[in-house]
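Notes for the one structure printed next.
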Amino acid sequence: MQQVYLWGALLGATSVGAQLPTDAHAATAQKAPYYTYKGVFNYKSNNALEDKNFYQALKADNFKYEGLKVGQSTRADVEKALGKDLKKYYAKKGITYYEKNDVIIGIDDHNKLVNLTLLVDKVEHSDKAIRDHVKSGEIFDAKTTQVAFYPGNSIVIKAKGSMA
């Protein structure tokens with residue numbers, strides 16, 4: 001089940017998706033839009049990729065996955081949110097990458113979360129949904145992060161200044 005809450009001038013809305021435990025919140029009042037996603041992201045009927053608020057929050061540098069924010073959260077935050085059973089993926093240029101539930105997490109030598117990759121290959125129509133909201137090759141250059149989109153494959157959120 002996926003729940004989307006729109007705050008501010010918008011009315012609340014709920015959409016029901018798969019029977020997977022998910023929860024998404026978005027707001028677009030006078031403040032910068034934000035989007036918080038909890039639960040499995042890479043599943044067939046996830047409609048977050050069709051939500052314009054998702055992309056607006058990424059542009060506004062105001063997206064959180066499981067309460068984690070790229071460039072601000074620490075390894076301890078990651079372990080608290082996702083558990084300590086992260087599968088080591090690989091290490092490169094001072095960053096160690098871990099995987100859990102089709103999400104790849106990059107932690108630097110200072111124990112900061114510097115990369116968050118959301119795999120979307122299992123999301124139905126993810127290729128079209130991303131292309132409907134993002135121009136081909138477009139990278140969102142926010143204040144503290146950069147977001148790259150690979151339709152049908154992944155969304156990569158990197159902390160600026162990191163080697164990720």
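Remark: Ala159 falls outside the filter, which requires a residue to be of a type in the set (A, V, I, L, M, F, W, C), under 17 Å from the mean Cα position of the chain (by Cα), at pLDDT below 95 and crowded, with 20+ Cβ neighbours inside 10 Å. The sole residue among Glu99, Glu79 that is within 17 Å of the chain's Cα centre (by Cα), among the charged types (D, E, K, R) and in a strand (DSSP E or B) is Glu99. Does Leu119 qualify as being without any contact (Cβ under 8 Å) to a residue 60 or more places away in the chain and either of a type in the set (A, V, I, L, M) or farther than 19 Å from Asn47 by Cα (or both)? When the stated conditions are applied, Leu119 does not pass them.
Screening Ala26 on (1) modelled with pLDDT under 95; (2) touching a Leu at 6+ places or on another chain (Cβ under 6 Å); (3) assigned to a loop (DSSP other than H, G, I, E, B) shows it passes everything except condition (3). Among the residues of the range 68-78, is any in contact with a Ser or Thr (Cβ under 7 Å, 6 or more places away or on another chain) and without any contact (Cβ under 8 Å) to a residue 60 or more places away in the chain? The answer is no; no qualifying residue exists. Number of residues in the range 134-160 that are touching a residue at least 60 places away in the same chain (Cβ under 8 Å) and farther than 23 Å from Asp102 by Cβ: the value is 4. Scanning the range 52-76 for residues that are part of a strand (DSSP E or B) and either aliphatic (A, V, I, L, M) or crowded, with 18+ Cβ neighbours inside 10 Å (or both) returns Phe63, Lys64, Tyr65, Leu68.
The values are calculated or read from the model by the stated rules, or taken from the named source; none is laboratory data. Treat the numbers as computed from the prediction; the structure is a model and nothing was measured. Virtual Cβ from ideal backbone geometry, glycine too; neighbours counted across all protein chains shown.
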